[in-house]
Amino acid sequence: MTDLDTPRLLLHPMNASDALRVVAGTPGEGAHWAPGYPSPGERAAAERFLDTCARSGDPSPFGSYEIRRREDGEVIGGLGFHGPPDTTGAVTIGYGLVPSARGTGYASEALRALLRFARDQGVRRVHGDADLDNIASRRVMEAVGMRLMEEDEKLAYYRIDLEPRAEE
């Protein structure tokens with residue numbers, strides 16, 4: 001699978017070797033990780049990816065992606081799918097950036113690319129959630145068109161319905 005491109009970022013699909021390095025917290029030869037990468041969230045995503053690989057094989061293209069800055073190749077975060085689409089065509093996504101990359105628009109840029117990719121793969125609905133007090137993450141989902149659906153005592157739940165791509 002190839003990288004997903006945005007003007008400032010490359011979303012690099014994670015493979016099992018990448019995921020093992022993230023879980024161990026040890027970059028591979030030639031890898032450039034920003035300070036703070038991987039976060040506990042990225043480690044959890046890598047563990048979920050490895051568990052899926054062990055149970056049912058590589059989930060690509062519905063796996064995890066490293067967020068790399070184009071200008072220097074540095075890994076500044078991760079995003080991806082919690083699994084393949086369910087029977088209704090819905091997926092759940094997650095994302096995170098190292099503190100030094102926050103507030104730059106990178107999260108919105110990466111999430112927009114992931115949503116376009118999901119639509120191109122036939123996904124019809126995307127779900128995401130954020131801690132109630134994580135205003136920045138909530139704003140990212142709202143900026144890409146996701147709507148707040150409900151809240152509980154811990155989380156805010158968002159959703160976007162994707163329109164099929166118009167025939168060319």
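The values are calculated or read from the model by the stated rules, or taken from the named source; none is laboratory data. Predicted model, so just to flag it, every value in this text is computed and none were measured. Note that each Cβ is placed from the backbone with ideal geometry, even for glycine, and that neighbours are counted across all protein chains shown. Surface accessibility is based on the protein's heavy atoms, side chains included, excluding ligands, DNA and RNA. Shrake-Rupley method; radii C 1.70, N 1.55, O 1.52, S 1.80 Å.
Of the numbered criteria (1) open to solvent by 30 Å² or more (accessible area, probe 1.4 Å); (2) free of Cβ contacts under 8 Å to residues at least 24 places away in the same chain, the one Met146 fails is (1).
For the range 111-121, which positions are in a helix (DSSP H, G or I) and either in contact with a Phe, Trp or Tyr (Cβ under 9 Å, 6 or more places away or on another chain) or of a type outside the set (Asp, Glu) (or both)?
Step one: list which residues in the range 111-121 are in a helix (DSSP H, G or I), which gives 111-120.
Within the range 111-121, Leu111, Arg112, Ala113, Leu114, Leu115, Arg116, Phe117, Ala118, Arg119 meet the criteria.
Of all the numbered requirements in (1) in a strand (DSSP E or B); (2) open to solvent by 80 Å² or more (accessible area, probe 1.4 Å); (3) not hydrophobic (A, V, I, L, M, F, W, C), Pro164 misses one, and that requirement is (1).
At positive phi and modelled with pLDDT of 95 or more: which single residue out of Gly83, Gly73, Gly105, Gly57 fits that description? Don't jump to the end; show me each part of the working.
Numbers: Gly83 fails: modelled with pLDDT of 95 or more; Gly73 fails: modelled with pLDDT of 95 or more; Gly57 fails: modelled with pLDDT of 95 or more.
Result: Gly105 is the single residue among Gly83, Gly73, Gly105, Gly57 that is at positive phi and modelled with pLDDT of 95 or more.
Within the range 122-134, does at least one residue satisfy the condition of being open to solvent by less than 30 Å² (accessible area, probe 1.4 Å), assigned to a strand (DSSP E or B) and aliphatic (A, V, I, L, M)? Yes, the range 122-134 has at least one match.
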